[in-house]
Amino acid sequence: MDFDVAASLGAFVIGTVLGWSSPTLTMFEKGTAVSFEVSAMAAATACSLFGVGAVIGAVPAGAVSSVFGRRVSLIVSEAHVVFGWLMIAFPKAARMLYVGRILQGVGCGAMCTIIPMYVGEIAEPEIRGFLGGLYQLFVVSGILYSYVLGNFLNYNQLNLACGVWMVIHILGVLYIPESPYFLIQENKRVGAEEAMARLRDPSHDCKSELDEIQKFIEEEQKNSYTAREVLEKDVNRRALTIGIGCMFFQQMTGINAIIFYMKHVFEISGSDISPEVCTTVVGTIQVAMTFASMMITDKFGRRSLMVYSMTLMGICLLALSYYFFSKKYNPHVAETLDWLPLVAIVFYISMFSIGCGPIPYIIIGEIFSSELKSMGTGMSIATNWILVWLVTCLAEPMDKFIGPSGTFFVYSGFCFMGMLFVVNCVPETKNRSLAMIQSDLEKN
């Protein structure tokens, strides 16, 4: 599992980049971040451009990793993040912030595609859910890291504290073996045997597992398919619908609008608790609940956790909608409910961390056949990041035109629609090998 941890550390890097927005927005507003003036619109634009870069990185990442391998692709992805941090740490104008955030997005978007793919290929079925949850645990831990340090470090110190994790991840990637799936696809059986020997206990029957992988890949590579031919297969269209659908509803719950602008949400709520304390409390609980998710994903299954989490998230957002509606039209009632925003957001984040957050990444590492894996993973992650950008860009206009009450009401609707999508479309993949999952999709 050391190799899984080393690869998944890239998710911590992604978390630090995501969490960076919340504290630095306040620094830009106060004029303490950089030597030139950054307007509120420019700061918000810089934050949201991360999503644009992530789309650019996610779309080709699967194909690139299929040509050059998972390890090399992860190192190239981190190189983009390195240059992004340099642009953000030493900007001369707002456009350097824009370019830096786009570069960070390119690297992080690519890692979001490659890491679940790699972990899904090297993990044993019995612990694949646990290791998939580890990815999300690192993301939320990175977000908390940025939240906490942003409360007392200045702009340059925060950039340095976040950037150091790139170096740690690059060193970790140099240590991990290449994916046996990739090596067999490249007809490097000896290399696959060496990699599998490093990934499994000495007592494990590596030969049988490699034979199963080789048989699975050979059956799918008997014919060379174009993208159109791949998508003509019902099983592939079904898998792609599941992958893209899970990512669509994950983001349309409004999670990144809340993460990016959490301080602002607590400021406008009028709560007596300081925004800094609130964001730290929420971030801490998010980490704790994501860890809990790792413990139960392989016990209760992906599908049921997604259904329960989306349902309860929708209820939390309805509660927030009611609070802000009361704050506007019945302030006396809202005064008695000043505790509600923190409680609702804590519970919302908890439910997201148990199901809707980690499980879509587990599913896209399991659901695609080898012929669809590169394209399917790339399209699913691209969908995710397009919606990150869209949701964060629309957060301010929605707040202006329909208010926080209307905004949270819309997000709650998507939670309930997502629950119905999972109930009707998503199969259970707990304790199933990748070959068995494909067989299940073909039967259904």
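The values are calculated or read from the model by the stated rules, or taken from the named source; none is laboratory data. Everything quoted here is computed from the prediction, not taken from an experiment. Ideal geometry is used to build each Cβ from the backbone, glycine not excepted, and the neighbour counts take in all protein chains shown. When the accessible area is computed, the model is the full protein with side chains, heavy atoms only, and any ligands, DNA or RNA have been set aside. Shrake-Rupley method; radii C 1.70, N 1.55, O 1.52, S 1.80 Å.
Any residue in segment 35-51 that is outside any helix (DSSP H, G or I), of a type outside the set (D, E, K, R) and either under 21 Å from Gly142 (Cα atoms) or touching a Cys at 6+ places or on another chain (Cβ under 7 Å) (or both)?
Taking segment 35-51 and keeping what is outside any helix (DSSP H, G or I), we get 35-39.
Still in the running and of a type outside the set (D, E, K, R): 35-36, 38-39.
Checking which are either under 21 Å from Gly142 (Cα atoms) or touching a Cys at 6+ places or on another chain (Cβ under 7 Å) (or both) leaves us with none.
No, segment 35-51 has no match at all.
Of all the helices (runs of 4 or more DSSP H) wholly in segment 367-444, which have at least 3 residues that are modelled with pLDDT of 80 or more? Let's see the steps before the verdict.
Details: elements: 370-401, 403-425, 434-443.
Here the list reads 370-401, 403-425.
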Flag if Pro91 is assigned to a loop (DSSP other than H, G, I, E, B), open to solvent by less than 20 Å² (accessible area, probe 1.4 Å) and not basic (Lys, Arg): yes
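Of all helices (runs of 4 or more DSSP H) completely enclosed by segment 246-352, which ones contain at least 3 residues that are at pLDDT 80 or above and open to solvent by less than 70 Å² (accessible area, probe 1.4 Å)? Full working, then the answer.
Values: elements: 255-260, 262-269, 275-300, 302-329, 331-335, 340-351.
Output list reads 275-300, 302-329, 340-351.
For segment 137-151, indicate whether the set of residues that are surrounded by fewer than 19 Cβ atoms within 10 Å (Cβ to Cβ) and polar (S, T, N, Q) is non-empty. Show your work before the answer.
So in segment 137-151, the residues surrounded by fewer than 19 Cβ atoms within 10 Å (Cβ to Cβ) come out as 148-149, 151.
Subsequent filtering for residues that are polar (S, T, N, Q) retains 151.
Yes, because at least one residue in segment 137-151 is surrounded by fewer than 19 Cβ atoms within 10 Å (Cβ to Cβ) and polar (S, T, N, Q).
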Hits in segment 409-430 (condition: of a type in the set (Phe, Trp, Tyr) and either free of Cβ contacts under 8 Å to residues at least 60 places away in the same chain or out of contact with any Leu (no Cβ under 8 Å at 6 or more places or on another chain) (or both)): Phe414, Phe416, Phe421
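Quick one: count up the residues across segment 21-48 that are open to solvent by 40 Å² or more (accessible area, probe 1.4 Å) and under 22 Å from the mean Cα position of the chain (by Cα).
Our first condition is that a residue be open to solvent by 40 Å² or more (accessible area, probe 1.4 Å); within segment 21-48, this holds for 29-32, 35-37, 39-41, 45.
Still in the list and also under 22 Å from the mean Cα position of the chain (by Cα): 45.
Residues that pass the stated criteria total 1.
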Hey, Glu366 among the acidic types (Asp, Glu), under 30 Å from Pro60 (Cβ atoms) and open to solvent by less than 10 Å² (accessible area, probe 1.4 Å) or not: yes
Test set (1) surrounded by 15 or more Cβ atoms within 10 Å (Cβ to Cβ); (2) part of a helix (DSSP H, G or I) - Glu178 fails condition number: (2)
Search result, residues across segment 150-175 that are more than 18 Å from Cys108 (Cβ to Cβ), without any contact (Cβ under 8 Å) to a residue 40 or more places away in the chain and assigned to a helix (DSSP H, G or I): Gln157, Leu171
